[in-house]
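Chemist: Please read through the structure below; I'll follow up with questions.
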Amino acid sequence: MKSLFKKSLAVLLSASLLGTISIPVSAADQLPLLGDVDSNQSVDSADAMKLLQSIESGNSLSQSQKWAGDVNQDGSLTQSDVQLILDYISGKADGFAQRVTVSLSNSSLELLEGGSYTLKATLSKTVSGNITWSSSDTSVVSVDSKGTVKGLKPGQATITVQIFNGMTASCTVKVTEDTSVRWGIDVSHHQGEIDWADVKASGVDFAIIRAGFGYYDSNTDSQFINNMKNAQAQGMPVGSYHYSYAENLEESAKDAYYMLNKIQGYSFDYPIFYDMEDNTMLNGTGGDRTLLTNMALRFCSILRENGYYAAVYANKNWLTNYLDAEKLEANGIDVWLAHYTSQTDYRGAYTMWQYSSTGRVDGISGDVDLDYCYVNYPQIIKNSGLNTGTKSYAKSAVISGTAGSSYSESLLK
């Protein structure tokens, strides 16, 4: 069939019955002229021959030539396109199909930092050609192959979708800082059994639940499992923390691996925090600021490499005198500040503030710690793909310090 078609094309060309139709490219549409496969601003028999040769031999055409050659706008190059070119220039056809266009569900969009939205692309004709997405500034807004955009930091960027024939549509995305403050609690076995339905009804937005303390396998918080089960059953967004007694880098690594052992199988909406406040840590390290900072970084590094969003909890005194808060920030480690006052005067960076240890909340008998959170952790963590609880390890591997990967020294520079 191919040889007969090529032979008939050669006969038509040799008969000199085919003329040339010159059509200028519209100033408003700089896409190539449909049918102008050889890119000379006209449609003639040479275009038909070039397209046929490319189809039969597999010789590649430029992207622009492919856009021009698909004259029936079905998203592919076939002999039907060649025949249409021949019919057009011989006067047997009035023209080609109109170029397929694309539109987006939104021409503009506003997202909070950490937020996401899926744009819908609609084609004027159902075809199977490729669709590609791009962002003018990937540091502000990212976009995936399904059109899901994510706000990464405050700013503005343009999302563009391009279809098989070069037609595009765009959406301007403005990302603003999420300044909403969330109110939460942090709990351990000290709060006893908690009525999480009452806690949820009282207006608490999140809870940070202690998993354990130290690096011995038996040191799991006695209420951790109950708190996780019952809090999540009420739809309460949760994070977790590990209380440390570590005195050196090796013990902070053990803390991390034992934490992995305790939390595997659970998902978290908030970070996994390394609680650094005990005097054992100060006495064992001599209060060495560099060593304590590197211990925090080692714990967070191991948690990071095993799929968790890790951060540090410490009080104002520790953050001022025993930890290099600037180094933590430089390595992307968030800080949960503890300072019991109505208005903290701590000048370093922090994303959460524990402002009271004597709060009262429905569903909890006695005092409970109260917290403010200043970032949208559930959205940030969801977007990052972390804290899913889907990664698992053999218990022996966790205890021996090889939970799926070795920890990185990159944060200790």
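Chemist: Hey, could you get me the Stokes-Einstein D for the chain, Kirkwood radius over alpha-carbon pairs, 4 °C and 1.567 mPa s, rounded to whole µm² s⁻¹? All intermediate terms of the calculation are to be shown ahead of the outcome.
Modeler: Working: Rh = 25.8 Å.
Answer, rounded: 50 µm²/s.
Chemist: Can you tell me the length gained on complete extension of the stretch Ser105 to Thr78, counting 0.36 nm per residue apart and subtracting the Cα distance? Before the final figure, lay out the partial values.
Modeler: On the way: separation 27, 0.36 × 27 = 9.72 nm, distance 3.16 nm.
The span from Ser105 to Thr78 would gain 6.6 nm if fully extended.
Chemist: Right, another one. Could you check which residue among Met228, Met49, Met281 shows the biggest mean-square fluctuation in a GNM of the chain with a 10 Å Cα cutoff?
Modeler: Top of the fluctuation ranking is Met49.
Chemist: Separate question: Please report, in whole Å, how far the alpha carbons of segment 202-255 spread along each principal axis, starting with the longest.
Modeler: Principal extents (largest minus smallest coordinate, Cα): 41, 19, 14 Å.
Chemist: Between 0 and 90 degrees, rounded to the nearest ten: what's the tilt of helix 289-305 against the longest Cα principal axis of the chain?
Modeler: Value to nearest ten degrees: 50.
Chemist: If packing is taken as the mean number of other Cβ atoms within 10 Å per residue, what is the order of 267-273, 42-48, 115-121, highest first?
Modeler: Working: 267-273: 24.4, 42-48: 22.1, 115-121: 16.1.
Going by the mean number of other Cβ atoms within 10 Å, highest first, we get 267-273, 42-48, 115-121.
Chemist: If you don't mind, another one. Over the Cα atoms, compute the radius of gyration (one decimal) and Dmax (the largest Cα-Cα distance, rounded to a whole number) for segment 40-79, in Å.
Modeler: Computed over the Cα atoms of segment 40-79, radius of gyration and Dmax are 9.5, 24 Å.
Chemist: Please list the radius of gyration and Dmax for segment 227-290, considering alpha-carbon atoms only, with Å as the unit.
Modeler: Just the Cα atoms of segment 227-290 yield Rg and Dmax of 14.3, 44 Å.
Chemist: Related question: Pop a pseudo-label 7 angstrom from the Cα along the beta-carbon direction at both Thr148 and Ile225 and give the gap in nm to one decimal.
Modeler: 3.3
Chemist: Any chance you could run the full-extension gain for Asn283 through Lys92? It's 0.36 nm times the residue separation minus the Cα-Cα distance, nm to one decimal. Don't skip to the answer; put the middle values down first.
Modeler: Details: separation 191, 0.36 × 191 = 68.76 nm, distance 9.33 nm.
The Asn283-Lys92 span can extend by a further 59.4 nm.
Chemist: When a/c is below 1.5 the answer is rounded, else prolate if a/b is larger than b/c, else oblate, so apply that to segment 64-197 with a ≥ b ≥ c taken from the square roots of the Cα gyration tensor eigenvalues. Before the final figure, lay out each step's value.
Modeler: On the way: a/c = 4.63, a/b = 3.21, b/c = 1.44.
Prolate.
Chemist: Right, another one. Using a Förster distance of 41 Å, how high is the FRET efficiency between Ser365 and Glu329, based on the Cβ-Cβ distance and rounded to 0.05? Present the calculation step by step, with values, prior to reporting the outcome.
Modeler: Numbers: r = 38 Å, r/R0 = 0.92.
Efficiency at R0 = 41 Å is approximately 0.60.
Chemist: Further, regarding this structure: Would you mind checking the tilt of helix 45-57 against the longest principal axis of the Cα atoms of the chain, expressed as 0 to 90 degrees and rounded to 10?
Modeler: It is inclined by approximately 50 degrees.
Chemist: What pairs from Lys150/Lys316; Lys229/Lys262; Lys146/Lys382; Lys66/Lys92; Lys254/Lys327 go past 25 Å between their alpha carbons? Could you put the intermediate results ahead of the total?
Modeler: Working: Lys150/Lys316 34 Å; Lys229/Lys262 14 Å; Lys146/Lys382 17 Å; Lys66/Lys92 23 Å; Lys254/Lys327 22 Å.
From the list (Lys150/Lys316; Lys229/Lys262; Lys146/Lys382; Lys66/Lys92; Lys254/Lys327), the Cα-Cα distance tops 25 Å for Lys150/Lys316.
Chemist: Take peptides 300-307, 220-227 and line them up by average Cβ neighbours within 10 Å, highest first, as a rough protection proxy. Present the calculation step by step, with values, prior to reporting the outcome.
Modeler: Details: 300-307: 23.2, 220-227: 18.1.
Packing proxy ranking, top to bottom: 300-307, 220-227.
Chemist: Based on the Cβ-Cβ distance from Ser57 to Ile131, what FRET efficiency comes out when R0 is 30 Å, to the nearest 0.05?
Modeler: On the way: r = 28 Å, r/R0 = 0.92.
Given R0 = 30 Å and the Cβ-Cβ separation, E is 0.60.
Chemist: With axes computed from alpha carbons, what is the tilt in degrees of helix 79-89 against the longest principal axis of the chain, rounded to the nearest 10 within 0 to 90?
Modeler: 50
Chemist: Label points 7 Å out from Cα along the Cβ direction at Thr176 and Thr351: separation in nm?
Modeler: Placing both labels 7 Å along Cα→Cβ, they lie 2.2 nm apart.
Chemist: Let me ask something else. Note the direction-averaged projected area, equal to a quarter of the hull surface, for the Cα convex hull of segment 182-412, in nm².
Modeler: Mean shadow area of the hull around the Cα atoms is 11.4 nm².
Chemist: Apply the Karplus curve 6.51 cos²θ - 1.76 cosθ + 1.60, θ = phi - 60°, to the phi angles in segment 32-41 and return the couplings in whole Hz, x for Gly and Pro.
Modeler: In residue order, the calculated couplings are x, 5, 4, x, 7, 5, 8, 6, 10, 6 Hz.
Chemist: In square nanometres and to one decimal, what's the mean projected area of the convex hull around the Cα atoms of segment 140-265? Kindly include the intermediate steps, with their values, before the conclusion.
Modeler: Working: hull surface 49.2 nm².
Averaged projected area of segment 140-265's Cα convex hull equals 12.3 nm².
Chemist: Peptides 63-73, 132-142: what's the order by average Cβ count within 10 Å, highest mean first? Walk me through the numbers on the way to the answer.
Modeler: Values: 63-73: 21.7, 132-142: 16.1.
The most tightly packed comes first, giving 63-73, 132-142.
Chemist: Counting pairs of Cα atoms in segment 102-176, how many percent are more than 18 Å apart? Before the final figure, lay out the partial values.
Modeler: Values: 875 of 2775 pairs.
More than 18 Å apart: 32 percent of the Cα pairs in segment 102-176.
Chemist: Evaluate E = 1/(1 + (r/R0)^6) for Gln156 and Asp195, where r is the Cβ-Cβ distance and R0 equals 45 Å; express this FRET efficiency to the nearest 0.05.
Modeler: On the way: r = 46 Å, r/R0 = 1.01.
With a Förster radius of 45 Å, E is 0.50.
The numbers here are math on the coordinates, done by the rules we state, and not lab data. Just so you know, these numbers come straight off a predicted model, no measurement behind them. Note that each Cβ is placed from the backbone with ideal geometry, even for glycine, and that neighbours are counted across all protein chains shown.
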